[in-house]
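Data first, discussion second: the structure below is written as structure tokens.
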Amino acid sequence: MRCNLVLMFLAASAGPLVAETPRVFPAGELPADSRLDELRTLNSYFPFTTVENEQRWQQRQTEIKRRILISQGMWPQPTKTKLRATIHGRLEYDDYTVERVYFQSIPGHYVTGSLYRPKGKQGPFPAVLCPHGHWRDARFYDAGDAAAKQSVASGAERFVNAARNHIQARCVQLARMGCIAFFYDMTGNCDSMQIGHRPDKSDHLDTSEHWGFLSVQAELRLQNMMGLQTWNSVRAIDFLLELSDVDSKRIGVTGASGGGTQSMIIAAIDDRITAAMPCVMVSTSMQGGCTCENAPLMRIGQGNIDIAAAIAPRPLGLTAADDWTKELETKGYPALQNLYAMLGHSDRLTAVFNTHFPHNYNHVNRTVMYGFFNRHFGLGLDEPVLERDFELLSKEQLTVWNDEHPAPSGSDVGDLHEVTLLGLATEDSAERLSTLIPNAAQGLQKYQNVVGKAWETILGRRLDQVGEVTFADTREISHGGFTLTLGYLNHAAAVEQLPAMKLRSKKGRQKGVVVWLTEAGKSGLLQADGVIAPVAKLLHAGFTIVSADLSGQGEFLATDDRLATQRMWYQRDGSNGWERFAGYTYGYNHSLFVKRTHDVLSLIEYAVTISGDQSIHLVGLDRTAGPIALAARSQVADAVDATVVDLDGFQFSRITRHDDPMFVSGSVKYLDVGGLLSVCAPHDVSVAGLPDPSVARQVFAAASASANLQIVDRSELDLVLERLSP
């Protein structure tokens, strides 16, 4: 009776084979691979990625914007619901007014703030968003009389009231200049009290049924605090544009520290912002320490200089201080100067480097900001524009909640509200993506532009971006009818090195190359008396087989145990819930799954160099190798002929740990393994163990490639492999 090849393979790969596998490197020596170095963190170095010309800048700008939007759950954009804005409690002064504002950025979730308007001037007026940073109780902030007087004495401020609350001061002055200023609260600050800003505890909201922002399920769907704040900024622009006295062609944003982060992010992603001045934040150094400043995927291949640059050639202003921005003048700013010069708009870039002051948005720097908006909004004022004293408003005068406008309560605050909010986000995302799944060829391009580009960004490398990969032989072993060549793949540009092997039959004409992946690495192809049966059959048919230890497999490990977790980086000591936010790791580093996908692309690139004009096939027949093979298949265009995978029921949605080796931020949002398979269309893929093939079937059909997608039982995989042979 003929032996079932797949069952033989599974049985063989389950055994302790790594110890029996001939090594590429001496025992105790690891590959010379940069991914074994320390993880990148928010404190790493982030130089600007230079571009050669304006066309390349436009491409780079699109990539930066897309990565930001994807990282914060805004690709595609969520549904915009009615703001239901309320403006009340008007206070009048000689040349400006202040009003209390709240509106719903998401049904049931409120953005709160203060609206400053010019008085005695004729509109429409330019408008400036004024997000604050991590100054305690920012809208209600009071530095105190002693600290304020010290600021005045040091030359940082002109007036005590401005020194007590510099954010109120800038809003008053902008209104006096003829701008509308909207000072809105960070999530968890002042009147925005429905969700805490940085929760000490979060494990109780980390379940597969009901989850909060720091949970595994939220990360799999790219739901994060930074995304909520960015969405609030998007809706704040919507709010301003609903006001009859706002000039839609003159919308600015400025903030310092964490408010600088919000400023550069909204300027990068929303073209309605016509000028931005993010202060004491943009640098090649520390990128932002709060959960509201970090998101998975966001700073992979880019940093805050790149993000701030994404507004170019629209006007951009920056300031530096004696903090992490103190080297901006020599690191980062020259690259921005070159960019604006290349684009022909050097006059639109402004920066000052008052590094003798500590972290601030003081009057010295605010004066530069007033001049920046004066010029770019055409206000016609003489410069320097200097502040006058004003009446500092108290919490009681500013709070939006009172008896007539009661604050949210009950299930509209705390854990229940957070869970409800993420439930709404999940439903909306699913609905938006479901409408994109094409029924015909006409909708295919839009689907690929959203879901396909999302996976491309998540995976972070296409085959055409790999570059040169070489194979260095270390030794050759003869075994029966085949030879086993050991060596390592060297991807010099990426500083990646893979222990690899090549199997070739001693007889017959070579018919092509099969890239074979296993959860054990290259040892998964071997057994005590040679190679596993399906590999032997392909060798006999004339195929060359290549395999490798992917990152975290085989010779990447100090022991023979398989990797159970991937490395994580925590803020401080990780004792509080917010400090363990996965965005601190995956915002700066590719997940292990993605690193392994890159390794497969290197294997395929090598296969291209040795295949001539012969076929290349890709095989992964377990719950680790199968999804990785699909990921690689999605990024190789026509380089691979047939792909055969067994997913063994794997789904990203079933992952329960951030450090699971198969964890991928955003994988569930973009339709799980079915979505990953769908973006392989129209190429030839045979899949077993896929829980729900409906999306993939629909996309392949829209691509007129239904025949190229085979959904098979595991028992049929040996026949599929046999058909690889001509």
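The values are calculated or read from the model by the stated rules, or taken from the named source; none is laboratory data. Computed from a predicted model, the values in this text were never measured in an experiment. As a convention, Cβ positions derive from the backbone with ideal geometry for all residues, glycine included, and neighbour counts pool all protein chains shown.
Examine the range 573-581 for a residue that is surrounded by 24 or more Cβ atoms within 10 Å (Cβ to Cβ) and either at pLDDT 95 or above or outside the structural domain of His479 (by TED's automatic domain parsing) (or both), and state whether such a residue exists.
Yes, there is a match, as at least one residue in the range 573-581 is surrounded by 24 or more Cβ atoms within 10 Å (Cβ to Cβ) and either at pLDDT 95 or above or outside the structural domain of His479 (by TED's automatic domain parsing) (or both).
Among Gly554, Gly542, which is out of contact with any helix residue (DSSP H, G or I) (no Cβ under 8 Å at 6 or more places or on another chain) and either of a type in the set (Lys, Arg) or at positive phi (or both)?
Of Gly554, Gly542, the one residue that is out of contact with any helix residue (DSSP H, G or I) (no Cβ under 8 Å at 6 or more places or on another chain) and either of a type in the set (Lys, Arg) or at positive phi (or both) is Gly542.
Does Asp672 satisfy the criteria of being within 23 Å of Thr457 (Cα to Cα), without any contact (Cβ under 8 Å) to a residue 60 or more places away in the chain and under 27 Å from the mean Cα position of the chain (by Cα)?
Judged against the criteria, Asp672 is a match.
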Identify all residues within the range 341-394 that are closer than 18 Å to Leu174 by Cβ and hydroxyl-bearing (Ser, Thr, Tyr); write none if there are none. Thr350, Tyr361, Thr367, Tyr370
From Pro107, Pro118, Pro131, which residue is more than 29 Å from Arg198 (Cβ to Cβ), of a type outside the set (Lys, Arg) and touching a residue at least 40 places away in the same chain (Cβ under 8 Å)? Pro118
Filter the range 682-726 down to the residues that are closer than 28 Å to Val535 by Cα and of a type in the set (D, E, K, R) and list them by number. Asp684, Asp713, Arg714, Glu716, Asp718, Glu722, Arg723
Pick from the range 168-212, criterion part of a loop (DSSP other than H, G, I, E, B) and basic (Lys, Arg), ranking: surrounded by the fewest Cβ atoms within 10 Å (Cβ to Cβ): Lys201
Please determine whether any residue of the range 439-455 is in contact with a Ser or Thr (Cβ under 7 Å, 6 or more places away or on another chain), assigned to a loop (DSSP other than H, G, I, E, B) and of a type outside the set (A, V, I, L, M). no
Quick one: count up the residues across the range 432-448 that are loosely packed, with under 13 Cβ neighbours inside 10 Å and either in contact with an Asp or Glu (Cβ under 7 Å, 6 or more places away or on another chain) or without any contact (Cβ under 8 Å) to a residue 24 or more places away in the chain (or both). 4
So which residues in the range 525-553 are modelled with pLDDT of 95 or more, of a type outside the set (Ser, Thr, Tyr) and over 24 Å from Gln614 (Cα atoms), if there are any at all? Asp549, Leu550, Gly552, Gln553
Among the candidates Val685, Val673, which residue alone is in a strand (DSSP E or B) and at pLDDT 95 or above? Val685
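Residue-by-condition table, conditions (1) among the charged types (D, E, K, R); (2) closer than 30 Å to Asp271 by Cβ; (3) at pLDDT 95 or above; (4) not assigned by TED's automatic domain parsing to the domain that holds Thr485:
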| residue | (1), (2), (3), (4) |
| --- | --- |
| Gly15 | no, no, no, no |
| Pro26 | no, no, no, no |
| Arg35 | yes, no, yes, yes |
| Gln58 | no, yes, yes, yes |
| Arg66 | yes, yes, yes, yes |
| Thr79 | no, yes, yes, yes |
| Leu91 | no, no, yes, yes |
Pairs please, first residue from the range 313-329 and β-branched (Val, Ile, Thr), second anywhere and at pLDDT 95 or above, Cβ atoms under 6 Å, 6+ apart in sequence or on different chains. Thr319/Cys279; Thr319/Val280; Thr319/Val352; Thr319/Asn365; Thr325/Val280; Thr325/Ser283
Looking at the range 108-152, which of its residues are of a type in the set (Val, Ile, Thr) and under 33 Å from the mean Cα position of the chain (by Cα)? Val111, Thr112, Val128
Given the conditions (1) outside any strand (DSSP E or B); (2) crowded, with 24+ Cβ neighbours inside 10 Å, and given that Ala153 satisfies all but one, which numbered condition is not satisfied? (2)
For Leu42, the lone unmet condition from (1) exposed (fewer than 12 other Cβ atoms within 10 Å of the Cβ); (2) at pLDDT 95 or above is (1)
Take Pro126 and decide whether it is over 30 Å from Thr457 (Cβ atoms), of a type outside the set (D, E, K, R) and touching a residue at least 40 places away in the same chain (Cβ under 8 Å). yes
Filter result for Ser547 (part of a helix (DSSP H, G or I) and of a type in the set (Ser, Thr, Tyr)): no
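Test of understanding: among Met264, Met298, Met277, which residue is crowded, with 24+ Cβ neighbours inside 10 Å, touching a residue at least 24 places away in the same chain (Cβ under 8 Å) and assigned to a loop (DSSP other than H, G, I, E, B)?
Unique residue meeting the criteria: Met298.
Listed here are the residues, each with its yes/no results for (1) buried (at least 19 other Cβ atoms within 10 Å of the Cβ); (2) under 30 Å from Gln168 (Cα atoms).
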| position | (1), (2) |
| --- | --- |
| Asn402 | no, yes |
| Leu424 | no, no |
| Thr457 | yes, no |
| Arg461 | yes, no |
| Ala492 | no, no |
Out of Gly252, Gly258, report the one residue that is modelled with pLDDT of 95 or more, touching a His at 6+ places or on another chain (Cβ under 6 Å) and either not aliphatic (A, V, I, L, M) or not assigned by TED's automatic domain parsing to the domain that holds Thr207 (or both). Gly258
Checklist (1) surrounded by fewer than 15 Cβ atoms within 10 Å (Cβ to Cβ); (2) in contact (Cβ under 8 Å) with a residue 12 or more places away in the chain applied to Pro334, failing item: (2)
Taking Thr470 as the residue in question, decide whether it is among the β-branched types (Val, Ile, Thr), surrounded by 12 or more Cβ atoms within 10 Å (Cβ to Cβ) and under 30 Å from Arg509 (Cα atoms). yes
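To keep it simple, each residue is scored yes or no on (1) out of contact with any helix residue (DSSP H, G or I) (no Cβ under 7 Å at 6 or more places or on another chain); (2) under 30 Å from Phe581 (Cβ atoms); (3) not assigned by TED's automatic domain parsing to the domain that holds Ser547.
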position	(1), (2), (3)
Thr609	yes, no, no
Thr643	no, no, no
His658	no, yes, no
Met662	no, yes, no
Val668	no, yes, no
Ala688	no, no, no
Ala703	no, no, no
Please work out which residue is farthest from Asp428 (Cα to Cα), limiting yourself to the range 52-92 and to residues that are part of a strand (DSSP E or B) and in contact (Cβ under 8 Å) with a residue 60 or more places away in the chain. Leu91
